[in-house]
Amino acid sequence: MSRVTLSRYLIEQTRSHNTPADLRFLIEVVARACKAISHQVSKGALGGVLGSLDSENVQGEVQKKLDVISNEILLEANEWGGHLAGMASEEMDNAYQIPGKYPKGAYLLVFDPLDGSSNIDVNVSVGTIFSVLRCPDEQQGETGDLGEDAFLQPGTEQVCAGYAIYGPQTMLMLTLGNGVKGFTLDRELGSFVLTHDTIKVPESTKEFAINMSNQRHWEAPVQRYVGELLAGESGPLGRNYNMRWIASMVADVHRILTRGGVFMYPRDGRDPAMPGKLRLMYEANPMAMIIEQAGGAATDGSQRILDIQPTSLHQRVPVFLGSKEEVLRITAYHRS
């Protein structure tokens, strides 16, 4: 029985779902970049890629060496192919302009090059998150710099989203808007191979993921909800829950896609100017699209994440995503 590679799957999508050829090629380039990042991550101390640099990203976070390496890999892989009008990355202040010597295309690529990089030095799973948007027609092919406004589209406008997770196996999870597929990197073959054909998040769950060390800073709806989870069988929810927290969004979401659960990164009271921790464009939107396409739900506590109109490239939002029953419950607590 022949195995379905990512390339073959995308060709089939072009035939059966009219996936544009330039989008197919773009996804293949991103996948190749993720393979290169996986190789760098796997080197660890042997490759001299661990540790931090003397620099910060636009959010004021100290950059890991692999943050910068991964960012460069994605930029260099995607700038010349003629599929993109521009790129934006969590690690860069402004939108990345396609060099004038290269042709421009119809899409925009946004990405978090190495999510969870604070865990890289302790050998915990990390990953790459990406999202593809269409460039507004009026800005396609322009010779000047592509403005930030071109990227500020709600998550409903994403044409594709995915992530690669670099763990015991390297996997690529992908949605083109018609379900979620999982591909595992076969290092001998050198290709991503379809291994998870129909991924569904169970509607109910007994697992939750949240950073409990921040409990004293949470808003009342989150305090109430987590209190009910911890009360177990004797509480109002009538069942025992387990808590899992990896502190790598890719790893936590991957677990939820595999066996269910609810992931929470709520706003808290420490900094009124920061409404949330996770980035809407690079983390929340692509993960929300993936979770919804797998039958789950994703909100910021008040509204569907994919309906949020972005106001800046590096906007942050609270995130509640995963099994629909629990996400709707915590969202209802925020609204009551």
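Only the coordinates and a few stated rules stand behind these numbers; no lab work does. These numbers come from a predicted model, not from an experiment. Quick reminder, even Gly has a Cβ in these numbers, built from the backbone with ideal geometry, and neighbours come from all protein chains shown.
Looking at this model, which pairs from Lys35/Lys101; Lys35/Lys200; Lys65/Lys206; Lys181/Lys277; Lys35/Lys277 are more than 30 angstrom apart at the alpha-carbon?
Among Lys35/Lys101; Lys35/Lys200; Lys65/Lys206; Lys181/Lys277; Lys35/Lys277, the Cα-Cα distance tops 30 Å for Lys65/Lys206.
Can you give the Rg and Dmax of segment 207-335 based on its C-alpha atoms, in angstrom?
When restricted to Cα atoms, segment 207-335 yields Rg and Dmax of 13.8, 44 Å.
Which far-off residues, 5 or more places away or on another chain, put their amide H under 5 Å from the one on Tyr96, with H placed in the peptide plane?
Under 5 Å from the amide H of Tyr96: Met87, Ala88, Ser89.
Collect residues whose amide H, placed 1.01 Å from N in the peptide plane, falls under 5 Å from the amide H of Leu278; neighbours closer than 5 in sequence don't count.
Val317
Could you go through segment 31-42 in sequence order and give the Karplus-derived ³J(HN,Hα) for each residue, using 6.51 cos²θ - 1.76 cosθ + 1.60 with θ = phi - 60°, rounded to whole Hz, and x for Gly and Pro?
My calculation for segment 31-42 gives 4, 5, 5, 5, 5, 5, 5, 4, 5, 5, 4, 5 Hz in order.
In debye, nearest 20, what is the charge dipole magnitude of the chain about its Cα centre with +1 on Lys and Arg Cβ and -1 on Asp and Glu Cβ, if you could check?
Details: 31 positive and 40 negative charges, 230 e Å.
The dipole of the chain has a size of about 1100 debye.
Counting C-alpha atoms alone, how compact is the chain: give Rg to one decimal and Dmax as a whole number, in angstrom.
Rg and Dmax of the chain, Cα atoms, are 19.5, 66 Å.
So what is the relative contact order for the chain, in percent, with contacts set as C-alpha pairs under 8 Å and at least six apart?
Computed value for the chain: 15 percent relative contact order.
Determine ³J(HN,Hα), in whole Hz, for all residues of segment 287-302 in sequence, where each value follows from phi through the Karplus function 6.51 cos²θ - 1.76 cosθ + 1.60 and θ = phi - 60°; x replaces Gly and Pro.
Per-residue couplings from phi come out as 5, 5, 4, 4, 5, 5, 5, 9, x, x, 9, 8, 9, 9, x, 10 Hz.
Do any GluC sites (Glu not before Pro) in segment 156-207 lie in a DSSP loop with no more than 13 other beta carbon atoms within 10 Å, and if so, which?
In loop regions of segment 156-207 (DSSP not H, G, I, E or B), the sparsely surrounded GluC sites (Glu not before Pro) are Glu188.
Classify segment 6-196 as rounded, prolate or oblate from the Cα gyration tensor: take a ≥ b ≥ c as the square roots of its eigenvalues, call it rounded if a/c is under 1.5, otherwise prolate when a/b beats b/c and oblate if not.
oblate
Kirkwood hydrodynamic radius for segment 123-207: how many Å is it when counted over pairs of different Cα atoms? Kindly include the intermediate steps, with their values, before the conclusion.
Numbers: mean 1/r = 0.0641 Å⁻¹.
Taking the inverse mean of 1/r over all distinct Cα pairs, segment 123-207 comes out at 15.6 Å.
Short version: ³J(HN,Hα) in whole Hz for each residue of segment 316-330, in order, from phi by Karplus 6.51 cos²θ - 1.76 cosθ + 1.60 (θ = phi - 60°), x for Gly and Pro, what are they?
Result, rounded to whole Hz: 10, 9, x, 9, 10, 8, x, 4, 4, 4, 6, 5, 5, 5, 5.
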